[in-house]
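*Asks:* Let me give you the structure first, and then I'll get to my questions.
The values are calculated or read from the model by the stated rules, or taken from the named source; none is laboratory data. Just so it is clear, the structure is predicted and the values come from calculations on it, not from any experiment. Methodologically, a virtual Cβ is constructed for each residue, glycine included, from the backbone with ideal geometry; neighbour enumeration extends over all protein chains shown. To get the accessible areas, we keep the full protein, side chains included, count just its heavy atoms, and leave off ligands, DNA and RNA. Shrake-Rupley method; radii C 1.70, N 1.55, O 1.52, S 1.80 Å.
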Amino acid sequence: MALVGTDKDMSFYIGREASKLWKRFCAEVTTEINLLAENWKYLLGGFICQYIHGLAARGVHYFHRPGPILQDVGFYLLPELGQDRAYISETVFTTIFLSFIMWTFHPFIFKTKRIYTVLIWCRVLAFLVGCQFLRIITFYSTQLPGPNYHCREGSKLATLPPPDNILQALLIVPRGMLYGCGDLIFSSHMIFSIVFVRTYQKYGTRRFIKQCAWLAVIAQSFLIIASRKHYTVDVVVAWYTVNLVVFFIDKTLPELPDRTSALLLPVTKDSKSKEENHKLLNGNSGDPAEWRPRTQINGKIVEDGKTVHEAVINGV
């Protein structure tokens, strides 16, 4: 009898939570659709620029001429991974890439949220487009012999024959993206990784994840060089160029609305226990007279559930 009652309670709990999750998802979809209707031009422009960047990277492959690998300090210091282990750097990059995408869509699932998916991607695409514009100018200015295995002398993939028609020139296939040559300075993998991690550094809420993300980007830098996918200069230039571009573009863009600023926190009273305050902080109902607006102080964010307060004294 007790077991049957437990199963019924569990089924009731699961049904109730599923209903809450579905309502939360539908509400978020409605909100994001409204934002998409207002900002679709920015997203479309950003995705078109991604295609142009891919087209430019394929175009420079037609000009690539294999030659002796240039002297590189990173190649001397880091042992070569070899073709059999070249996938390691791609695995790290894919982990960063997919993790960031999943995080940008977390408002559809989780109750606690700080970003809007549409607005965060408008911002990210602006960063990517700025960096990729500089990258196109750079790798078309000077073509270096590629250090990757398929770009070396004797490889059939090192050069591309002229396209037979305009469709072939405009078509971007996944194989061409993986086996491109000539688009070296500066690393596209580093552009995406640094932009993603910097965005999470500003808008994410988990300090441990932030630290792990930066360690993953640093590890990826060494793995790219050890895999001989880029010269060391390609990675070094990416580190300071991407950070500078993101810094200046971020200053020009309007700040994203902070969804947590809409939350209400209870006024602290001696008569309130810690458990009651904890319930109110998690969104449970309470006396409206005991609620006050939560203001965002000096642009600080909530990390690991704790509000970082910083006093701002003007005129001192």
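*Asks:* Based on the mean of other beta carbon atoms within 10 Å per residue, what is the order of 65-78, 160-173, most packed first? Could you put the intermediate results ahead of the total?
*Replies:* Details: 65-78: 13.8, 160-173: 10.8.
Sorting 65-78, 160-173 by mean packing, highest first, produces 65-78, 160-173.
*Asks:* If each residue of separation counts as 0.36 nm, what is the full-extension length gain between residue 243 and residue 159 once their alpha-carbon separation is subtracted? Please report the intermediate quantities before stating the final value.
*Replies:* On the way: separation 84, 0.36 × 84 = 30.24 nm, distance 3.24 nm.
Length gained, residue 243 through residue 159: 27.0 nm.
*Asks:* If you don't mind, there's one more thing I want to ask. When the convex hull of the Cα atoms of the range 71-217 is projected onto a plane and the area is averaged over all directions, what value comes out in nm²? All intermediate terms of the calculation are to be shown ahead of the outcome.
*Replies:* Working: hull surface 47.1 nm².
So the Cα hull casts an average projection of 11.8 nm².
*Asks:* Next question, about the same structure. Figure the gain on full extension for residue 62 and residue 109 (residue separation times 0.36 nm, minus the Cα-Cα span) and round it to one decimal in nm.
*Replies:* Numbers: separation 47, 0.36 × 47 = 16.92 nm, distance 4.52 nm.
Full-extension gain reported as 12.4 nm.
*Asks:* Using each residue's phi in the range 51-64, evaluate 6.51 cos²θ - 1.76 cosθ + 1.60 at θ = phi - 60° and report the 3J(HN,Hα) Karplus result to the nearest Hz, with x for Gly and Pro.
*Replies:* Coupling constants for the range 51-64: 5, 4, 5, x, 5, 5, 5, 6, x, 5, 5, 5, 8, 5 Hz.
*Asks:* Could you give the length gained by full extension between residue 255 and residue 35, i.e. 0.36 nm per residue of separation minus their alpha carbon distance, to one decimal place? Provide the component values of the computation, followed by the final result.
*Replies:* Details: separation 220, 0.36 × 220 = 79.20 nm, distance 1.52 nm.
Here the segment from residue 255 to residue 35 would lengthen by 77.7 nm.
*Asks:* Structure shown: which of 111/210; 23/251; 41/251; 23/113; 229/251; 111/251 lie over 26 Å apart, alpha-carbon to alpha-carbon? Please list the in-between numbers first.
*Replies:* Numbers: 111/210 21 Å; 23/251 36 Å; 41/251 21 Å; 23/113 15 Å; 229/251 33 Å; 111/251 29 Å.
Too far apart for the 26 Å limit: 23/251; 229/251; 111/251.
*Asks:* Ok, one more. Which order do you get for 142, 205 if you rank them by accessible area with a 1.4 Å probe, largest at the top?
*Replies:* Numbers: 142 85, 205 45 Å².
From most exposed to least exposed: 142, 205.
*Asks:* Give me Rg/Rg_expected for the range 126-169, where Rg uses Cα atoms only and Rg_expected = 2.2 N^0.38 Å with N residues. Could you put the intermediate results ahead of the total?
*Replies:* On the way: Rg = 14.1 Å, N = 44, 2.2 N^0.38 = 9.3 Å.
Computed over Cα atoms of the range 126-169, the ratio equals 1.52.
*Asks:* Now, a different point. Using a 1.4 angstrom probe on the protein heavy atoms only, line up 210, 251, 113, 20 by accessible area, largest first. If you can, show how the numbers build up before the last one.
*Replies:* Values: 210 10, 251 140, 113 30, 20 95 Å².
My answer, sorted largest first, is 251, 20, 113, 210.
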